[in-house]
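Participant: Dropping the structure in here first, questions after.
The values are calculated or read from the model by the stated rules, or taken from the named source; none is laboratory data. Values in this document were obtained by computation on a predicted structure and should not be read as measured data. Glycine also receives a Cβ, built like all others from the backbone with ideal geometry; neighbour counts cover every protein chain displayed. We work out accessible area using only protein heavy atoms, side chains counted, and drop any ligands, DNA or RNA first. Shrake-Rupley method; radii C 1.70, N 1.55, O 1.52, S 1.80 Å.
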Amino acid sequence: MISPGPTRPDPRLSRRALFKAVTVGALAAGPLAACSSGGNSTGTIDFYQSKPEVIGYFDKVVAQYEAESGQSIRHDSSTSLVASFVRDRPHDVLLQNYLLDFATFLKRGVLTDLADLPGANTIDPSVQALVGQYTDVNQTGLIPYSITAAGVIYNKQLFEANNVKVPTTWTELIAACETFKSKKVTPFYMTFKDGWTIKQGVFDYLSGSGMNVFDFFTKLKAAGTNVQSGSETSFAGAFKPSVDKMLQLSSYANSNAATRGYTDGNAAFAAGEAAMYFQGPWAIGEVGKISPKLQVGTFALPATDNPADTRVRVNLDLGLAIPRGAAHLQQARQFASFLMTPEIIEKYNSDNLAYSPVKGSTTKVDERIAGLAPYVKSGRFYQGAGTYFSPTIPLENYLQEALISRDGKALLTKLDNDWRRLAQRST
């Protein structure tokens with residue numbers, strides 16, 4: 001939830017009024033600005049965003065802002081954020097993919113509180129709450145800017161030609177797989193060679209629709225080293241149904257899945273080699289480049305026979321933040337407020353097969369991801385189980401081994417043992 005703060009400027013302010021409002025707010029925060037150190041001292045704002053594929057979009061945004069405000073901006077997408085903080089020369093404005101590692105910046109208190117930034121109060125509270133799932137810091141240090149929702153991509157022509165409807169329950173999903181199999185159509189295209197595609201795909205989808213992921217990891221962290229294998233607060237206990245179903249679905253995959261990676265999957269699915277594909281919207285664009293006429297849709301993977309259990313996996317694909325050590329806090333707030341204006345944030349999400357985090361957004365959703373829209377708009381979403389793992393636990397390698405060996409028990413035992421060792425080191 002957005003933390004309480006001073007009265008916020010009306011998000012419908014004109015740009016001129018918006019610049020003035022932010023300037024007054026920055027001056028009121030004088031002591032914070034005065035304690036800023038390092039950074040760029042040339043008067044140019046350092047703006048970092050983490051997605052190379054949208055450099056062109058933000059280059060245009062920067063050019064528009066420079067023309068309207070007279071402020072110079074350096075747009076960067078390659079510098080190491082960690083290195084910039086270590087050198088005490090952080091960027092002024094950040095648009096960064098928000099995952100467990102970025103939450104470290106919030107925990108360490110190196111980001112400014114943006115609760116009173118124009119536009120902050122327009123964010124849907126259920127989306128803002130996702131920030132707190134990786135850290136319990138009670139501060140609006142990061143504002144969600146873009147949500148990507150990932151589900152099952154499906155070939156509409158193959159579904160129609162084989163008289164298969166989009167499944168809404170686990171039983172219907174298995175029935176669909178059996179129908180495709182009987183018609184000599186590969187039900188799922190899978191790519192075990194790239195472990196991340198398993199983690200963010202079938203593993204995250206099944207666990208997210210089969211259990212409360214955030215609740216599980218909250219209890220797991222609280223239990224520390226006292227986790228009992230096989231209990232509901234253990235991987236062996238809580239994840240067994242999901243892993244069993246993951247192995248079951250993998251039996252409907254392409255026979256060469258072990259040697260195929262992400263780019264192979266995009267090419268094969270674009271060529272009509274399978275009915276369904278576990279990927280996010282980033283793959284839809286790649287598939288479209290290969291086969292522009294292919295008709296695709298998306299649906300949330302059901303993991304039970306109760307449609308009400310189904311959820312969709314989401315990422316905070318971009319989050320807006322301003323470091324405390326920024327050299328130009330006042331100018332940074334002005335530019336950040338510009339980025340939050342409806343015509344900028346809504347167009348970005350519309351152009352990039354993403355969802356707007358703004359409550360009540362009426363921006364048209366691309367029909368290729370429209371199947372996930374009801375879940376996003378109603379807050380029926382989760383951050384994938386795979387995103388809660390420390391890099392010290394080789395989850396992707398474990399998943400590859402499990403799918404090739406078809407030994408789910410070994411996978412869950414390794415996860416319980418590794419998590420227990422991690423908890424011991426942490427204490």
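Participant: Taking the condition of being surrounded by fewer than 16 Cβ atoms within 10 Å (Cβ to Cβ), in contact (Cβ under 8 Å) with a residue 60 or more places away in the chain and in a helix (DSSP H, G or I), how many residues in region 391-412 meet it?
Facilitator: 3
Participant: Further question: Inside region 1-86, counting only helices (runs of 4 or more DSSP H) that do not spill past its ends, which hold 1 or more residues that are at pLDDT 95 or above, in contact with a Leu (Cβ under 8 Å, 6 or more places away or on another chain) and crowded, with 17+ Cβ neighbours inside 10 Å? Outline the logic, then answer.
Facilitator: Numbers: elements: 15-28, 30-34, 55-69, 81-86.
Here the list reads 55-69.
Participant: Is it the case that Glu286 is of a type in the set (D, E, K, R), farther than 24 Å from Asn266 by Cα and assigned to a helix (DSSP H, G or I)? Walk me through how you get there before you give the answer.
Facilitator: Numbers: of a type in the set (D, E, K, R): yes; farther than 24 Å from Asn266 by Cα: no; assigned to a helix (DSSP H, G or I): yes.
When the stated conditions are applied, Glu286 does not pass them.
Participant: Please go through region 219-235 and give me each residue that is assigned to a helix (DSSP H, G or I) and either more than 26 Å from the chain's Cα centre (by Cα) or among the acidic types (Asp, Glu) (or both), ordered by number. I'd like the intermediate steps shown before the answer.
Facilitator: Residues of region 219-235 assigned to a helix (DSSP H, G or I): 219-226, 235.
Correct list: Ala223, Gly224, Thr225, Asn226.
Participant: Can you name every residue in region 253-275 that is among the small types (Gly, Ala, Ser), closer than 15 Å to Tyr154 by Cβ and assigned to a helix (DSSP H, G or I)?
Facilitator: Result: Gly265, Ala268, Ala270.
Participant: Within region 89-110, does at least one residue satisfy the condition of being over 24 Å from Tyr375 (Cβ atoms), outside any loop (DSSP other than H, G, I, E, B) and open to solvent by 40 Å² or more (accessible area, probe 1.4 Å)?
Facilitator: yes
Participant: Answer yes or no: is there a residue in region 153-165 that is in contact with a Leu (Cβ under 8 Å, 6 or more places away or on another chain), open to solvent by 70 Å² or more (accessible area, probe 1.4 Å) and either more than 21 Å from Glu367 (Cβ to Cβ) or touching a residue at least 40 places away in the same chain (Cβ under 8 Å) (or both).
Facilitator: Within region 153-165 (the criterion being in contact with a Leu (Cβ under 8 Å, 6 or more places away or on another chain), open to solvent by 70 Å² or more (accessible area, probe 1.4 Å) and either more than 21 Å from Glu367 (Cβ to Cβ) or touching a residue at least 40 places away in the same chain (Cβ under 8 Å) (or both)), the answer is yes, since at least one residue qualifies.
Participant: Quick check, is Leu353 touching a Lys or Arg at 6+ places or on another chain (Cβ under 9 Å) and at positive phi? Write out each step before concluding.
Facilitator: On the way: touching a Lys or Arg at 6+ places or on another chain (Cβ under 9 Å): yes; at positive phi: yes.
Considered against the rule, which asks whether it is touching a Lys or Arg at 6+ places or on another chain (Cβ under 9 Å) and at positive phi, Leu353 comes out as yes.
Participant: Out of region 162-193, which residues are closer than 21 Å to Ala370 by Cβ and either out of contact with any strand residue (DSSP E or B) (no Cβ under 7 Å at 6 or more places or on another chain) or basic (Lys, Arg) (or both)? It would help to see each step written out before you state the result.
Facilitator: Going residue by residue through region 162-193, those that are closer than 21 Å to Ala370 by Cβ are 164-169, 172-173, 176.
Matches in region 162-193: Val164, Lys165, Pro167, Thr168, Thr169, Glu172, Leu173, Ala176.
Participant: Criterion first (touching a residue at least 40 places away in the same chain (Cβ under 8 Å), of a type outside the set (A, V, I, L, M, F, W, C) and under 30 Å from Gln295 (Cβ atoms)) does Thr225 satisfy it?
Facilitator: Working: touching a residue at least 40 places away in the same chain (Cβ under 8 Å): yes; of a type outside the set (A, V, I, L, M, F, W, C): yes; under 30 Å from Gln295 (Cβ atoms): no.
No, not satisfied.
Participant: Can you tell which of Ala129, Ala120 is in contact (Cβ under 8 Å) with a residue 60 or more places away in the chain, small (Gly, Ala, Ser) and surrounded by 22 or more Cβ atoms within 10 Å (Cβ to Cβ)? Before the answer, list the steps.
Facilitator: Numbers: Ala129 fails: surrounded by 22 or more Cβ atoms within 10 Å (Cβ to Cβ).
Criteria check complete, one pass: Ala120.
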